[in-house]
Amino acid sequence: MVLTGCGHAGVVNIVRHAQRLTAVPAVHALIGGLHLGGPAFEPIIGPTVDALTGMTPGLIVPGHCTGWRAQHALAAAMPDAWVAGSSGSSYRLTAA
């Protein structure tokens, strides 16, 4: 599971770094800000969604700074994994 605050370093970079540090290739869940909101980030939404889709997370809960365009792209690309998050949300994750 990868938990981000505001993914300034790039969410794909963050996940790949976590995979290198832990030697765990699977992404069970990705929760937090993905820092894709605003016009400056629109060109990287598609490649980011493609990369995250390839990582096949079981749960993806993009946070505050993800932006609505990226939220919609993620929801369309991963409808079974994407969940709208908000303050007070809770998730129960189980080991496979």
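When the label point is put 7 Å from the Cα of residue 86 along its Cα-to-beta-carbon vector, which residues of the stretch 1-34 have a backbone N closer than 12 Å?
Answer for the stretch 1-34: none.
Please report, as a whole percent, how much of the solvent-accessible surface of the chain comes from carbon and sulfur atoms (probe radius 1.4 Å).
Using a 1.4 Å probe with all protein chains present, the chain comes out at 60 percent carbon and sulfur.
Return one whole number: the accessible area per residue of the chain in Å², for a 1.4 Å probe.
On a per-residue basis, the chain sits at 59 Å².
Can you give the convex hull volume of the alpha carbon atoms of the chain per residue, in Å³?
Taking the convex hull of the Cα positions in the chain, it is 93 Å³ per residue.
Packing-wise, with mean Cβ within 10 Å as the measure, how do 79-88, 31-40, 5-14 rank, highest first?
31-40, 5-14, 79-88
Taking the full set of protein chains and a 1.4 angstrom probe, give the accessible area of residue 16 in square angstrom, rounded to the nearest 10.
110
Could you grab the relative contact order for the chain? Cα pairs under 8 Å, six or more apart, rounded to a whole percent.
Worked out over the chain, it gives 28 percent.
The values are calculated or read from the model by the stated rules, or taken from the named source; none is laboratory data. Given the structure is predicted, the values throughout are model-derived calculations rather than measurements. Positions of Cβ are generated from backbone atoms using ideal geometry, with glycine treated the same way; all protein chains shown enter the neighbour counts. Only protein heavy atoms, including side chains, enter the accessible area calculation; ligands, DNA and RNA are left aside. Shrake-Rupley method; radii C 1.70, N 1.55, O 1.52, S 1.80 Å.
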